[in-house]
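One structure is given below, encoded as structure tokens.
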Amino acid sequence: MNYLSSFFLGLTVAFITTLLPGLINMTVAKISLKEGKTRAFILGLGASIIVFFQALVATIFARFIDKRTDVNHLIQEIGIGIFLMLSVYFFFFAKGKKIKKEEVVISSKRSHFLMGMFLSLINVFPIPFYVILSVTLGSYGYFRFDKPFLTLFSLGASFGAIFVFYVYATFIKKIESKAEFFMKNVNHLIGGVTLFIAFLGIIKLINE
């Protein structure tokens, strides 16, 4: 696997996982509707910078785990269970989330960038997700743990996140008018990805 592919791997993973509306996406959408897409993009830019460091910290930690065979197997087993539960959730229980103007209040128009960084900082879920994902993909040879690969993967994750935030900021009116259709397909897409990753992990454990 070359270094260019590591960038696109990070971009693809971040793009798919960030598509699901959450606090940051909803805040970007709200700012876009109230103050314009430029300010919304600035907030998303701040959030995406933190995504880079979250992915980097997670993959460095995963590199340590990868060297411990006993811990590696345990993480893979835990990861299979988590991805299976996520698949069930996204296929059967996840529902659309509408944008509410009162959800997030930003007091200063000049603080959008810092607010984006803050919202991304308090969202700690990406760290364990990237740890489990990289360990699982690494066991199949789809992920490398040398420094250039980890850096480019994290950079790709940051670009993937900012692209999603840009989509929310730019096309939020169309997304909002078709929220039910959009959410149904996004949930199924993410559920399919997590199910595929879980399936890879199960095959790996069986072959061992």
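The values are calculated or read from the model by the stated rules, or taken from the named source; none is laboratory data. It should be emphasised that the depicted structure is a prediction, and the values quoted were computed from it without experimental measurement. Heads up, the Cβs are rebuilt from the backbone with ideal geometry, glycines too, and the neighbour counts pull from every protein chain shown. Calculation scope for accessible area: heavy atoms of the full protein, side chains included, ligands and nucleic acids excluded. Shrake-Rupley method; radii C 1.70, N 1.55, O 1.52, S 1.80 Å.
Scanning region 14-33 for residues that are out of contact with any Phe, Trp or Tyr (no Cβ under 8 Å at 6 or more places or on another chain), open to solvent by less than 50 Å² (accessible area, probe 1.4 Å) and part of a helix (DSSP H, G or I) yields 16, 26, 27, 30, 31. Of all the residues in region 121-130, those that are surrounded by 22 or more Cβ atoms within 10 Å (Cβ to Cβ) and farther than 16 Å from residue 193 by Cα number 0. From the list 5, 48, the lone residue that is in a helix (DSSP H, G or I) and either open to solvent by less than 20 Å² (accessible area, probe 1.4 Å) or touching a residue at least 40 places away in the same chain (Cβ under 8 Å) (or both) is 48.
On the stretch given as region 57-90, residues that are under 16 Å from residue 138 (Cβ atoms), modelled with pLDDT of 75 or more and of a type in the set (Ser, Thr, Tyr) total 1.
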